[in-house]
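Please treat every number below as a calculation from the coordinates, not as lab data. This structure is a prediction, so every number in the text was calculated from the model and none was measured. Cβ: placed from backbone, ideal geometry, glycine included. Neighbour counts: every protein chain shown.
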Amino acid sequence: MYAVETGKALPLGAEITGSGVNFALFSRHAEAVTLLLFESAARDSPCTEIKLDRNKNKTGDIWHCHIQDIGEGACYLYRVDGPYFPEKGFRYNPNKTLIDPYAKAMTDLDEWNISAFLGYNPDDPAGDLSFSSYDDMRIQPRCIVINNEFDWQGDLPVNYPLRLSVLYETHIKGLTIHPNSGVRHPGTYRGVIEKIPFFKDLGVTSLEFLPLQEFIEKEFPRRNPRTGKLLTNYWGYSTVTFFAPKGSYASDRTPGAQVREFKEMVRELHKAGLEVILDIVFNHTAEGNEWGPTYSFRGLDNTIYYILNENKRYYQNYSGCGNTLNCNHPVVRNFIMDCLRYWVTEMHVDGFRFDLGSILGRDQQGRLMENPPMLETIAEDPVLSHTKIIAEAWDAGGAYQVGWFPGGRWAEWNDRYRDDVRLYWRGDPNQTRHLATRLAGSSDLYLRDGRKPFHSINFVTSHDGFTMRDLVSYNEKHNEENGEDNRDGSNNNCSGNNGVEGPSLDPVIERTRERIMKNFFATMMVSLGTPMILGGDEMGRTQKGNNNAYCQDNEISWYDWSLLAKNAGLYRFVREIIAFRLRHPGFMRPEFYTGRDGSYNAIPDITWFDETGAVPDWENIGSCMALRMDGSRADILADQDDNDFFIMFNGSDRTVDFAVCGPLPGKRWVRAIDTALPSPDDIRTPGTEAALDNPSLYPVKSRSVVVLISWAAD
């Protein structure tokens with residue numbers, strides 16, 4: 001039926017040629033490889049099995065062939081035969097059809113049945129040592145041949161410098177799936193396009209999407225104990241194919257349309273000046289441990305793709321998800337680099353956030369390496385030289401590398417920033433000096449190895465934990481609807497309910513909660529570093545106290561767009577504080593403060609005070625602190641000056657009169673921000689800043705931030 005030719009070993013995957021498609025697959029220990037070609041994406045479509053000749057269709061460890069007269073839209077899978085000795089790490093089973101790791105798109109995974117893809121017989125007493133004879137070809141989702149041609153209309157990645165960025169972490173589906181989202185294509189890439197006016201109004205520069213590479217949603221057997229509905233993998237941290245955008249996020253469900261729609265989303269976001277950053281999960285795959293399914297990597301070369309235990313029947317689990325990708329094996333390193341380059345060159349993304357990034361620094365025995373080749377290769381790759389690379393600098397195996405992440409130019413999620421800022425605004429004692437360190441760019445973490453303030457990704461909330469609204473509304477997590485008896489999720493949230501657990505009708509409590517949320521945003525935006533906000537926090541989104549909503553594809557996780565009107569004052573504050581930061585290069589300076597003279601004005605670039613105006617005794621300082629920031633040559637790279645600022649922080653539960661240091665000659669202080677005031681006085685727009693009643697003393701109300709800015713004296 002098909003004209004089969006020898007083909008070539010590179011590139012790996014399915015590549016359209018002038019006369020057909022070249023297929024190339026890595027498998028070092030395979031004894032036989034068969035290509036399965038389907039007439040269509042339909043589950044019952046006829047299939048032709050083409051067994052590759054190891055003498056003609058194999059170069060080194062790569063099996064390949066060229067099929068004439070097929071092209072875009074062709075569907076395929078593989079069978080791979082070889083030794084089945086789980087005790088030695090080999091789990092080949094030709095009854096299990098396999099997905100190409102380089103597949104650019106997949107047919108529908110919605111009906112994925114994990115039990116059908118087990119390489120062993122679950123009813124056999126030998127367990128995972130047994131061998132499954134069940135052929136899963138008819139139900140296995142299929143790889144789709146993709147044509148990379150697309151009308152980019154001149155688009156290129158935006159690649160803002162980190163220090164000029166404000167990141168917004170969000171979920172493709174959850175952003176617009178709520179019935180009140182007001183979009184025509186809810187829960188899709190096109191739905192994101194429809195929200196571009198919102199993002200432009202908010203003022204963020206970069207969208208950081210939770211995993212959107214193809215993953216299994218229906219992998220949990222648990223049900224919500226309240227509703228009885230099946231729980232799903234909502235976040236997406238269980239990747240099936242790393243090159244393929246998720247098909248269910250496309251409004252057009254035609255096989256392969258998800259690639260075009262993803263590109264359309266990127267192109268339109270770039271036209272609006274918005275970056276695209278992908279959360280990518282190279283630490284593990286959806287195949288799980290020895291009890292998991294065989295759908296790709298396990299059946300291709302288990303001993304190469306995974307870090308195995310000394311007893312190779314078992315998997316090292318540094319990810320907390322059953323297996324660990326063997327990232328520093330040369331073959332896997334090449335796979336990861338091919339994937340990253342594809343998303344940058346063919347899909348035009350601007351950056352990546354690497355989930356549990358410390359795993360990329362483990363060797364083939366699982367030990368942390370001093371100079372991991374994987375991390376250095378990513379940092380030094382010429383294709384990725386302007387691409388944002390952001391690490392979650394820890395893993396589930398005990399590695400914690402915040403401030404120490406190897407590889408040169410990596411930025412990091414700074415959880416030290418998160419916790420210190422939370423504790424200060426909760427009112428915990430002895431937190432003021434820690435807040436000062438975080439405001440100044442976390443030099444304790446990043447100065448020593450030559451990195452810059454912007455390598456610290458400053459955040460207070462993320463997808464993993466409480467929303468900001470819940471952070472000020474709950475003392476404890478409330479994850480009962482996850483079906484794990486509230487055992488899952490962190491117990492260390494540094495949160496406070498401010499008087500009542502959960503929603504409150506008390507206006508005093510509600511005003512306090514909103515003020516603390518404004519404090520969080522203000523603190524992030526005046527800190528050195530790169531701020532990241534959790535999507536929905538700007539409108540007060542709640543997850544009802546759930547701090548681990550990974551399985552909640554429902555109103556718990558979805559954006560309720562009615563909150564924009566309900567919490568209009570909070571939204572306005574967030575929008576204006578983002579604009580305030582981006583107007584002032586002093587908060588985006590590329591170097592750490594020195595605390596020394598050296599500016600045009602012969603004053604230190606930063607000076608610290610206690611509330612009396614004295615030099616702080618950092619070991620005994622209370623809950624109040626102020627700083628003066630000199631704006632001259634704030635951006636030395638662009639040779640830009642800025643205003644001077646005097647910023648006061650009151651973490652106590654009472655109003656405190658702060659002594660205000662004098663401005664420079666010919667200047668006067670005016671009030672730009674006071675989080676204790678109601679909207680719109682809490683943050684003034686440019687040119688409407690308020691004069692001070694007393695230029696030398698300012699009463700800062702309890703648990704609030706005040707920012708004064710220098711103007712020319714009248």
(message) Per residue of the range 239-256, what does 6.51 cos²θ - 1.76 cosθ + 1.60 with θ = phi - 60° give for ³J(HN,Hα)? Whole Hz please, x for Gly and Pro, Karplus curve as stated.
(response) 6, 9, 10, 7, 8, 9, x, 5, x, 6, 8, 9, 6, 8, 8, 4, x, x
(message) Let me check I've understood the local charge: for GLU481, count other residues with C-beta under 9 angstrom from its C-beta, Lys and Arg +1, Asp and Glu -1. What total comes out?
(response) +1
(request) Calculate, in whole percent, how much of the Cα-Cα pair population of the range 637-703 lies beyond 13 Å. (result) 70
(request) Evaluate the range 4-144: find the radius of gyration of its Cα atoms, find its Kirkwood radius, and give the ratio Rg to Rh. (result) 0.98
(request) Fewest Cβ neighbours within 10 Å first, please rank SER443, SER358 accordingly. (result) SER443, SER358
(request) For a footprinting-style exposure proxy, rank THR232, THR688 by other Cβ within 10 Å, fewest first. (result) THR688, THR232
(request) Whole Å is fine, so just give me how far the alpha carbon centre of the range 555-569 lies from that of the range 235-252. (result) 26
(request) May I ask for the net charge around PRO186, where only other residues with Cβ less than 12 Å from the Cβ of PRO186 are counted and Lys, Arg are +1 while Asp, Glu are -1? (result) +3
(request) Count charges around ASP61 for me, please; just the other residues with Cβ under 12 Å from its Cβ, Lys/Arg as +1, Asp/Glu as -1. (result) +2
(request) Compute the separation of the alpha-carbon centres of the range 257-299 and the range 658-704 and state it in Å as a whole number. (result) 46
(request) Grab the DSSP H runs of the chain that are 4 residues or longer, score each as -39,500 (n - 2.57), total them, divide by all residues and round the 222 nm result to the nearest 500 deg cm²/dmol. (result) -5500 deg cm²/dmol
(request) Would you mind classifying the range 189-239 by shape? Square roots of the alpha carbon gyration tensor eigenvalues, ordered a ≥ b ≥ c; an a/c under 1.5 is rounded, otherwise it is prolate if a/b is larger than b/c and oblate if not. (result) prolate
(message) With bins 10 Å wide starting at 0, give me the P(r) of the range 595-712 over every alpha carbon pair, in whole percents.
(response) 14, 44, 33, 9, 0
(message) Set the bar at 25 Å for Cα to Cα. Now go through LYS173/LYS271; LYS195/LYS229; LYS544/LYS566; LYS58/LYS96; LYS104/LYS388; LYS195/LYS246 and name every pair that lies beyond it.
(response) LYS195/LYS229
(request) May I have the convex hull volume per residue, in Å³, for the Cα set of the chain? (result) 161
(message) Taking the beta-carbon count within 10 Å as an exposure proxy, list SER473, SER19, SER319 from fewest neighbours to most.
(response) SER19, SER319, SER473
(message) What does the C-alpha gyration tensor say about the overall shape of the range 137-210? Classify as rounded when a/c is under 1.5, otherwise prolate if a/b is larger than b/c, or oblate.
(response) oblate
